[in-house]
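The values are calculated or read from the model by the stated rules, or taken from the named source; none is laboratory data. Since the structure is predicted, the reported quantities are computational estimates derived from the model, not experimental observations. Here the Cβ positions follow ideal geometry from the backbone for every residue, glycine too, while neighbour counts run over all protein chains shown.
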Amino acid sequence: MPTACSTRSPARRSAEPIAAAALAVLTAAAAMPARADGLVAYRIVDAAIPASLTGQPGDATRGRAIVANRQIGLCVLCHSGPFPELRFHSDLAPDLTGIGNRMSEGELRLRVVDASHANPQTIMPSYYRVDGLTRVTPALRGKPLLDAGQIEDVVAYLKTLKE
């Protein structure tokens with residue numbers, strides 16, 4: 001067992017926190033079992049999904065790219081927001097400006113995963129749901145619109161949208 005006067009090299013000592021962090025991420029991912037449909041299981045608590053689907057935070061830069069992309073995120077087909085480079089925002093859904101002030105991280109995650117939990121009549125697609133859907137093109141049947149990492153990236157970006 002090492003003591004305070006360890007003779008380990010500085011390189012090995014500096015690698016230990018990295019290894020511990022990697023183990024923590026792997027442990028968190030292992031704690032979230034996959035469902036029969038291959039998606040990560042999640043728990044809804046008080047109208048929110050409090051825990052990350054990946055066990056780690058998303059990347060806001062990647063999230064913004066997803067939100068602003070009309071072919072991947074599809075968000076700007078219905079939402080307007082702080083996207084000055086994009087033309088033709090929609091007003092079918094709420095403006096995303098300030099959404100990071102209005103909703104918690106868990107509430108944002110639930111809305112992106114499956115907005116029908118908050119509003120059964122919503123027109124917003126369920127980005128991380130594959131069962132019980134109608135009018136799904138054959139190429140997308142059984143597949144979520146976004147994977148768990150993309151969901152976390154979008155949530156990370158939406159959290160930055162403060163007024």
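List of remarks:
- Any hit, the stretch 26-39, residues being assigned to a helix (DSSP H, G or I), over 18 Å from ARG129 (Cβ atoms) and at pLDDT 95 or above: no
- The stretch 131-159, residues that are among the charged types (D, E, K, R), outside any loop (DSSP other than H, G, I, E, B) and farther than 22 Å from ALA41 by Cβ: LYS159
- In the set (1) at pLDDT 60 or above; (2) in a helix (DSSP H, G or I); (3) of a type in the set (Asp, Glu), the condition left unmet by GLU16 is number (1).
- Some residue of the stretch 143-157 being more than 25 Å from GLN56 (Cβ to Cβ) and either of a type in the set (Lys, Arg) or at pLDDT below 95 (or both): no
- Total residues in the stretch 66-82, condition touching a residue at least 40 places away in the same chain (Cβ under 8 Å), small (Gly, Ala, Ser) and assigned to a helix (DSSP H, G or I): 0
- Residue tally, condition touching a Cys at 6+ places or on another chain (Cβ under 7 Å) and either modelled with pLDDT of 95 or more or not in a loop (DSSP other than H, G, I, E, B) (or both), over the stretch 92-123: 0
- Checking ALA93, ALA148 one by one, the residue that is touching a strand residue (DSSP E or B) at 6+ places or on another chain (Cβ under 8 Å), surrounded by 15 or more Cβ atoms within 10 Å (Cβ to Cβ) and touching a residue at least 24 places away in the same chain (Cβ under 8 Å) is ALA148 and no other.
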